[in-house]
1. List B:Tyr344, B:Tyr221 from most exposed to least, where exposure is judged by having the fewest other Cβ atoms within 10 Å.
2. With just the Cα atoms of chain B, tell me how far they stretch along each of the three principal axes, in Å, largest first.
3. Roughly how many debye, to the nearest 20, is the charge dipole of chain A about its Cα centre, given +1 on each Lys and Arg Cβ, -1 on each Asp and Glu Cβ, and no other charges?
4. Using the Karplus curve 6.51 cos²θ - 1.76 cosθ + 1.60 with θ = phi - 60°, work out ³J(HN,Hα) for each residue of region B:277-285 in order, rounded to whole Hz, and write x for Gly and Pro.
5. What is the Cα centroid distance between region B:226-254 and region B:332-382, reported in whole angstrom?
6. Express as a percent, rounded to the nearest 5, the fraction of DSSP beta bridges in the protein assembly as shown (both residues included) that run antiparallel.
7. Mind listing which chymotrypsin sites (Phe, Trp or Tyr not before Pro) in region A:79-166 are in a DSSP loop and have 16 or fewer other Cβ atoms within 10 Å?
8. Hey, got a sec? Which trypsin sites (Lys or Arg not before Pro) in region B:344-387 land in a DSSP loop and have at most 16 other Cβ atoms within 10 Å?
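No lab work stands behind these numbers, since they all come straight from the coordinates. Note that this is a predicted model, so its numbers are computed, not measured. Positions of Cβ are generated from backbone atoms using ideal geometry, with glycine treated the same way; all protein chains shown enter the neighbour counts.
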Amino acid sequence: MTPLDALPEILSHTGYLAGGFGINMLISVVSMSVGTVIGVAIGRLRHAGFRSLEVPSRFATNICRNVPSFVLLFYMASMIPSEITVAGSIHAVPLWIKATLALIFPVIGFSSDQSLGYFAQREAGLSGARETFVVAWAQYFLIIIMASATASVIGADEIVGRANTIIAQSGGNSFLITMYLYVSIWFILSGLILTSVIRTVSQRVSKIE
Amino acid sequence: MLKALVTMLAALWLIWMTDPVAAQSDVPPELQAQMPDAPTGRMAHVLQRGSLIVGVKDDYPPWGMRSETGELIGLEADLARDLAKRMGVGLELQAVSASNRITRVNQGIVDVVIATTGDTAERRKQVDVILPNYYSSGVVVYGRRDADLEGWDSLRGEKVCLNRGAFYNRVLEEDYGIDGQYFAANRDSQLALKQGRCVGWAFDDTALAQLIRAQGGAGDYEVMNDAILVSPWAVLVAQGEGQGDLGRFLSDMIGEWHAGGRILALQDQWGIPRSTYVEAAHETWQATKAGSPVCARNPATGQHPATCLGDNPVQGVPAADPPAWVAGLFETTGIDLRAVASPYNFNRLLRALWLTFSLSMIAIVGALVVGVSLSVLQVSLERLGRIGRLLTLPQRMLITVARMTPPILQLYIVFFGLGGILGNAQGFAPGSFAIASIILSLYAGATNTIILSHEMTSVSANGQPVLARLPGAITRGFDGLVATCVNIVKAAGMASAIAVSELVSTVDLLVSEGADTTTMMNGLLIFYFLFVLSILWVFRALRRRLVST
């Protein structure tokens, strides 16, 4: 079986894979937005120069920035209950929520550092600080989208997990490479769309400045 | 109308009667599993939820696999269905792997695991094992016919593919001297073997014999004859549930399966040759003495006779006392290093530490070199006008693909795809460490290129030569560059997907083999905290030097 022979079968699963990719996007967008808000707030505190707040906010940033998301995923998987009881009936906590919580931490660390740099550059009167922040933020958004592909480690139902299910269904490795190439195209296309949107936004931002 | 209803009811009755689950008529009542009157613990939880969640394999045909429509099916899935029916609840099957099944059941994500789990002394400390055992397998090696695999001695010092999480991996490395190459799943080990990345794949004789049968015995591969480390399989429940209602019910159900020949029937149904282990268990559980079944629970003790529950578990790790200071540390602080104190595990951890350190350093330097050189090239070419921009096209494509494809997929595609093509064409496949270094350098380097070329073009230094703009660009984009480099250090754990046994995956493996979870995970957290902190410290020192010059 050549890689191309597998293509029609893989394409027939497009709808199922698209659903999985939706989860990747959900994980990325939620963790990026929540993490940025918290991170910028911490960055502001670090910049403000309050002695009493500096040490804890720097420590919080270090923890968030330095710990690999795999370790955080593991913590989330074991610390957050897998089921909750609401009004006598038991509901499973979706695994994408655990994955999102795990990815919020690195975003906090990143945006705390990045916003501290932004505030410092602004204070020094350097131009383009906002644009630098936006470019770096967009790069990090991409990194988080790529990291969402590892959420299947804890069983989250995202595109790579679904791709693995289809590979198992086909009876093993006969089209592993073709499948992964196809999944890569999804990521590349979304990356291209994201960067073009960010480019437009950052051009507007630089005009405002 | 009434007649139709009666016919339907009669048909339902017939289905009910012929259903092997509802009533195994040949099983004496003493051996039929009963639901408790007032269920407690996990059993009560399952009943309240209204469904039983069972973890099964999805890559172990025909014990656990995916149907063409994606459902989990197989011999073990059928056993799970028996359980749910008898409990009167729905069934939800979830795929588990050798390295996560114990964690999943202990975390309460699944209620029960029926997933080809070998019963070992170490596992009995980690999770509650349900007795009697229900199946059994040994370890064999699967390899090319022309590789002449004769006996375990011929494998000493050779690269052998292993599945992460199998209990016998350590014995094979320590006692049989193989050089283990660890992969996450069956399909990866099999693919790695096909591409010549190992001379054989050591795995359960059950699964491999089935693989050979599926090829009709005519393939290029064969199974080595002598199975070693034969161990029975056990159903698992979370720690503390084994003696509870759920554990007792499962134990009775397995006894009933043996007594009624249910597993033998399933073997026939799935086209698996009857195993002597299951036949022997059937015989044991069928035996009667003075008209009553030998294996029934003793009314006085409430236990099944020990002879019906199987032999002592296999010892996957040689029993050894930890050094005095390790034991002392555990007693006084609760920090449990007992599992990693053995020379074998300690060396494994040390090697993993070294791999993580060297891979991180190579990736950081690689990412900076790629970032600086590609951004300089790009900005220089762009100054040449339209033709120059055209010349930047290939590198732009490389950057786009490198930073917009998840590194985990890049690793798989290059290792198994490109590596396979190169290996087949020239007999040379680049090693996993080299591939991981290149992929991680390119992935982070692509992001660095974007940051630097942006800073080099956006400044009001248009008249300056390209190289002269570099220091300013680095200074302004410093935070972004550092974030990328830190990210790549943290992402290095992915390299384990292609058999680079770095720190994160090694710690994960040690935990799955019985090392203390809290100690190991907190240790990993502290290590990375300090490791990244020291990398940041080096970067900060660099920045000071850059600014001062």
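1. B:Tyr344, B:Tyr221
2. 102, 68, 54
3. Working: 12 positive and 10 negative charges, 153 e Å.
The dipole magnitude comes to about 740 debye.
4. Listing the rounded values in order: 4, 5, 5, 5, 5, 4, 4, 4, 6 Hz.
5. Comparing the Cα centres of region B:226-254 and region B:332-382, I get a distance of 40 Å.
6. Details: 28 of 44 bridges.
Looking only at bridges with both residues in the protein assembly as shown, the antiparallel portion is about 65 percent.
7. Numbers: sites: A:Trp96, A:Phe110, A:Tyr118, A:Phe119, A:Phe133, A:Trp137, A:Tyr140, A:Phe141; in loops: none.
Those that pass, being in a loop and sparsely packed, number zero.
8. On the way: sites: B:Arg348, B:Arg351, B:Arg383, B:Arg386; in loops: B:Arg383.
Passing sites in region B:344-387 are B:Arg383.
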